[in-house]
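Notes for the one structure printed next.
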Protein chains: 2
Amino acid sequence: MIKTDLTGILDFVGQEELGIDKGRRLLRELAGGKTGLSGTGWLGFPAAASPSLTASVRSAADKIAAESAVLVVIGIGGSYLGARAALDFIRSPYYNQLNKKTPDIYFVGNNLSGEYLEQVISLIGNRDFSINYISKSGSTMEPSVAFRVFKSLLTAKYGDRGARDRIYVTTDPEKGKLRQLCSREGYASFEIPPDIGGRYSVLTAVGLLPAAVAGIDIDAMLAGARDMLGSGEEEALRYACARQALYKRGKKIEILAAFEPYFRSMGEWWKQLFGESEGKDGLGIFPAHTEFTTDLHSLGQYIQSGERTLFETFVSVETTRARLRIPRDDALDDGLERLGGKEVRIVNEAAKMATKKAHIDGGVPVLEIGVPSASAYDFGALVQFFEVSCAVSALISGVNPFDQPGVEAYKKNMYDILELSGKTGVT
Amino acid sequence: MIKTDLTGILDFVGQEELGIDKGRRLLRELAGGKTGLSGTGWLGFPAAASPSLTASVRSAADKIAAESAVLVVIGIGGSYLGARAALDFIRSPYYNQLNKKTPDIYFVGNNLSGEYLEQVISLIGNRDFSINYISKSGSTMEPSVAFRVFKSLLTAKYGDRGARDRIYVTTDPEKGKLRQLCSREGYASFEIPPDIGGRYSVLTAVGLLPAAVAGIDIDAMLAGARDMLGSGEEEALRYACARQALYKRGKKIEILAAFEPYFRSMGEWWKQLFGESEGKDGLGIFPAHTEFTTDLHSLGQYIQSGERTLFETFVSVETTRARLRIPRDDALDDGLERLGGKEVRIVNEAAKMATKKAHIDGGVPVLEIGVPSASAYDFGALVQFFEVSCAVSALISGVNPFDQPGVEAYKKNMYDILELSGKTGVT
């Protein structure tokens, strides 16, 4: 089970400042549908998801894997970051370079770089590929540009009918230009439930289809999320209450830190979840992500001795898939002879304890979230953990956790500059 | 030439607050060796670097490329981030996956993850490889652990003598355990000049050797840095003065934003440079990095409407290597028909202008740094630009730009936990 350890902040905030009772009340209101807010469908989704949903996702994934060496996933923001996080966390950040039986996966439509698109095209080469186009509306610019590019390549390679058979759409069940296109063209399609916003959608078809193509056990992901509710909720709300108590004490920046490179994309997903949910009305903890120990030799100096306006949240994955031992090599004479024969994980664990102590001593409160493993099950649990804590945290600070009105500003300007008419797309 | 555009901050700070004269004076003191600080060797290095240095680096790179399909670069912090940035910026973030004549390059020794090490080992497979071990002291834990692992693999594969011939060391010319090891074993070696600290060292052999192995024109890199001095210095010091003026006005977080994925590692390098130089004595602008437009769908909401304590620095690369056009596809009926036939770069450029306006309107000052291209020459110029501006900026705020005493704290604790004696290594 996921655990929240608050001992590293108790020198900085008193137990009574945490406001656990208020957090509990807000969580009950949220779970009972009494906040009056729309966008809460993610909370019950893992429990309500039907076996037929995962069966149809697995079936599409099998077809993709049988027909294609590459899946091109088109999406931005919440239609991108969750699947990416799952792939890196559960499989590997080097997934595409591994020897494996499942297709390579490239994520596009999350930027407007021509160089990036050209490189992905050249990496696909003449291999067979399919597309998963993920967009609530179908009129967000970045994915729409990428869809034009890759649909045109598909059509050139397989003809109209062949291309149509290789396009999988994940979108709103009824509304939007993409649902209309889907109906006209007869693309295979999956639904983004209307009451689940992008950044809360990874456990819907949005994340499930790319994950299933990568050979990830999506039923386990959903089970992990389901089981987190109940007894696990208390841990999530303690995290929420702790971070808001620290924020009130002037800690304006939260650094999420993990000690494994496979957590990097999860950090990016987390930044969107919390930044977009809380960063409004002139409020919000600024979310940053570091990868230790590498960033101890980068931001480490700042964290140790810069402005004392930050706190950290360590994510500790308690088991590792690695068994590597450090070879003995006393000839190096570098003072590290005692490390010879030790498993690398022992040294990494020591680094975590050492860093926690150093940063607390330096005036930085350190929260710690313990995750049993980097399995599909624990990924699902961690996603649900963060979503629950994020919603409660935003509610404590008095903002709507489920809207993102500020994202429209640049889009509107872009429409003006490019002389486009019509409405900017909601991702 | 690299240019600094301050128009996007003039609604927030007055021209007279910039303190350009003070910045000029500090730069003159720095260039004249009158600050009394050690660690300023980087400033004159590109002009003083002898042709024989680059010739010997190129010659080692040629030998590595002739003998190996893979180069394993072992280093952390300043012994890692610069070469990584050069590779991504000048070649490609997908460098290892490209069809190319130069060796793959893997960076290790920058973390303590056993999983990461095991994956790199499996990616190398049974291909021939060489090692570039970069460390000032040779007793920093992360690279030392990785060196044990990969030296042992080399020895198993090629024997003692064969391994010795595939190890290239970059370290202090005289001091430290690694220099001693080098002399005993007869490894090929390069020097890190003693008056150049890690985060200012990318244009020494630290960055030059991996760059040369990747086929990058290292003479052009040095030429770019050399030419930045003189007329370019004024642009660098305007950036330094502007960020300190914003800091005085309560802007505590700087977000470096670029619109190309190949800039991501450069952002990581920049975070170390500024964070480690300025984050001390309870002071310092917190350095964050975003990649647009992808992060407009992540941190975009916070930037637009969260706490008004941040400013942005856009890095605009003014030319692109891509020529991709967006295919026409009016059947999509998504309101974006007018994009058909346009180059992707036009839309990316529009996104940049749109974002700048939106963020300024939202209360975020936006600086802009214009870089002519993503060439080796401009990479060198941009490195020198940031190093000069960082040093001046730290001097304005009254801290030593060249030390990093806070990095020792976690290392000391780690030595205690692992019961190691002796001194913690300086990277």
Counting only residues 5 or more apart in sequence or on a different chain, those whose built amide H sits under 5 Å from that of B:E307 are A:L283, A:G284
Sorted shortest first, the nm distances from the A:D160 label point (7 Å along Cα→Cβ) to its counterparts in the other copies are 7.4
For the axis mapping A onto B, the chain A residue whose beta carbon sits nearest, plus its rounded distance in angstrom, comes out as A:A288, 3
Expected vector for the range A:307-319, Karplus 3J(HN,Hα) from phi with 6.51, -1.76, 1.60 and θ = phi - 60°, integer Hz, x for Gly and Pro, equals 4, 8, 10, 10, 10, 10, 10, 7, 9, 10, 8, 7, 10
As a Kirkwood estimate from alpha-carbon pairs, the protein assembly as shown has a hydrodynamic radius in angstrom of 27.4 Å
Here the FRET efficiency for B:K412 versus A:D21, based on Cβ atoms and R0 = 25 Å and rounded to 0.05, is 0.05
Across all Cα atoms of the range A:42-216, Rg and the largest Cα-Cα distance (Dmax), in Å, are 14.9, 43
Within the under-12-Å Cβ sphere about A:Q119, not counting A:Q119, Lys/Arg +1 and Asp/Glu -1 give a net charge of -2
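Would you list B:I303, A:I196 from fewest to most Cβ contacts within 10 Å?
A:I196, B:I303
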If the label point sits 7 Å along Cα→Cβ of A:D11, residues of the range A:248-291 with amide N under 20 Å come out as A:248-257
Amide H proximity to A:V169 below 5 Å, modelled H, separation 5+ or other chain, gives A:Y133, A:A188, A:S189, A:F190
Karplus-derived 3J(HN,Hα) from phi for the range B:241-255 (6.51 cos²θ - 1.76 cosθ + 1.60, θ = phi - 60°), whole Hz, x at Gly and Pro, runs 5, 5, 5, 6, 5, 5, 4, 4, 7, x, 8, 9, 10, 10, 9
GluC sites (Glu not before Pro) in the range A:309-416 lying in a DSSP loop, each with at most 14 other Cβ atoms within 10 Å of its Cβ, come to A:E318
Quick shape summary for chain A, equivalent ellipsoid via Cα gyration tensor, semi-axes whole Å in descending order, reads 36, 28, 20
Using alpha-carbon positions, the gyration tensor of the range A:281-427 gives root eigenvalues a ≥ b ≥ c; with a/c under 1.5 called rounded, otherwise prolate if a/b exceeds b/c, else oblate, the class is prolate
Averaged over residues of A:330-342, the number of beta carbons from other chains lying within 10 Å of each residue's Cβ is 6
Rounded to the nearest 0.05, FRET efficiency between B:A48 and A:E343 (Cβ-Cβ, R0 56 Å) equals 0.75
Note: A:349-359 gets an average of partner chain Cβ contacts (10 Å, Cβ to Cβ) equal to 6
Inter-copy distances for A:D62, nm, shortest first, label points 7 Å along Cα→Cβ, are 5.7
Quick calc: nm separation of the 7 Å Cα→Cβ label points for B:E185 and B:M353 -> 5.6 nm
Helix-only [θ] at 222 nm, chain A, -39500 (n - 2.57) per DSSP H run of 4+, per residue, nearest 500, equals -14500 deg cm²/dmol
Listed with the fewest Cβ neighbours within 10 Å leading, A:R323, B:R238 appear as A:R323, B:R238
Two pseudo-spin positions, 7 Å from Cα along C-beta at A:L123 and at A:S421, lie apart in nanometres by 3.9 nm
Across A:281-294, the residue-averaged tally of Cβ atoms belonging to other chains within 10 Å stands at 6
With the label set 7 Å along Cα→Cβ, A:G363 is separated from its counterparts in the other copies, in nm and shortest first, by 2.6
Sorting B:P173, B:A163, B:S56 by the position of each Cα along the dipole of the protein assembly as shown (Lys, Arg +1; Asp, Glu -1; all at Cβ), the one nearest the positive end of that ordering is B:A163
The rounded separation in angstrom of the Cα centers of the range A:242-296 and the range B:359-397 is 25 Å
Exposure-ranked with fewest Cβ neighbours within 10 Å first, B:K3, B:K356, A:K248 stand as A:K248, B:K3, B:K356
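No lab work stands behind these numbers, since they all come straight from the coordinates. From a predicted model like this one, the values you see are computed outputs, not experimental measurements. Neighbour counts run over all protein chains shown; Cβ positions are idealised from the backbone, glycine included.
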